[in-house]
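The values are calculated or read from the model by the stated rules, or taken from the named source; none is laboratory data. Bear in mind the structure is a predicted one, so any value in this text is a computation, not a measurement. We place every Cβ from the backbone using ideal geometry, glycine too, and count neighbours over all the protein chains shown.
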Amino acid sequence: MMVQHLVVIGGGEHARVVIETARSRPDLWSVDGFADPDPCEDTQKRLGVRWLGNDAAVLGRPGLMFVLGIGAVGVGDTRRAIVERYATAGARFAALVHSAAWVSPTARVDHGAVVFAGAVVQSGAEIGAHAVVGTRAVIEHDVRLGAFAQAGPGVVTGGGAKIGEGSYLGLGACVRDHVTIGDRAMIAMGAVVTADVAAGATVLGVPARARGDG
């Protein structure tokens, strides 16, 4: 496969991990630099990567692929809004899988999604567009992780679970098999989800309960 030129949208902490994920596969990706309103000097110095300017400076350049390098803690609309702005301008998005991750050949990773080092994505799992599978997260067989959903480092999802679009699973959270988590739900760090979670709900604890319950 031909090596493709890649630009990371964003230059902060999350972007650094995305850049190193792409660089783990030099046979697939050549990171041209990152786009950000801020020069992000720490990122330039640490990774030796170029700041290419703001969004306007990179949109319209031919032959580029893009990936979102902006993370978020919790549920929000910023990441989706950025992707929609780029997509309207005709941007094409890459799916990145770290060389130290394992993704089943029967799983699907949609455009814009990123799978970080040490993660495992098992048979029949579906990783939605622009979703994030964090470091050492486990996405078991037949799980559906919706578009723009984020599974933080160390998250474990049991087989057949369904995670809605834009949902956020905090560090080390566990989701029982065949549980459904609605769109834009917030699962707190370390929570153990044993029952379905409604769209837009926030749950925490062991077992996980809605904020304010019990």
(message) Condition first: exposed (fewer than 12 other Cβ atoms within 10 Å of the Cβ) and either outside the structural domain of Gly12 (by TED's automatic domain parsing) or farther than 17 Å from Ile82 by Cα (or both). Now tell me which residues in the range 47-61 satisfy that.
(response) Gly48
(request) Filter the range 83-111 down to residues that are free of Cβ contacts under 8 Å to residues at least 40 places away in the same chain, part of a strand (DSSP E or B) and of a type in the set (A, V, I, L, M, F, W, C) and give me whichever is farthest from Phe148 (Cα to Cα). (result) Trp102
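Against the condition closer than 24 Å to Val206 by Cβ and among the polar types (S, T, N, Q), how does Ser167 come out, does it pass?
Yes, satisfied.
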(message) Testing Ala195 on (1) surrounded by fewer than 24 Cβ atoms within 10 Å (Cβ to Cβ); (2) of a type in the set (A, V, I, L, M, F, W, C); (3) touching a strand residue (DSSP E or B) at 6+ places or on another chain (Cβ under 7 Å), one condition comes back false. Which one is that?
(response) (3)
(message) Go through (1) part of a strand (DSSP E or B); (2) within 15 Å of Ala15 (Cβ to Cβ) for Gly53 and report which single condition fails.
(response) (1)
(message) Here is a list: Arg80, Arg25. Which entry is modelled with pLDDT of 95 or more and in a loop (DSSP other than H, G, I, E, B)?
(response) Arg25
(request) Scan the range 74-90 for residues that are aliphatic (A, V, I, L, M), surrounded by 13 or more Cβ atoms within 10 Å (Cβ to Cβ) and either in the same structural domain as Phe116 (by TED's automatic domain parsing) or more than 19 Å from Pro62 (Cβ to Cβ) (or both) and jot them down. (result) Val75, Ile82, Val83
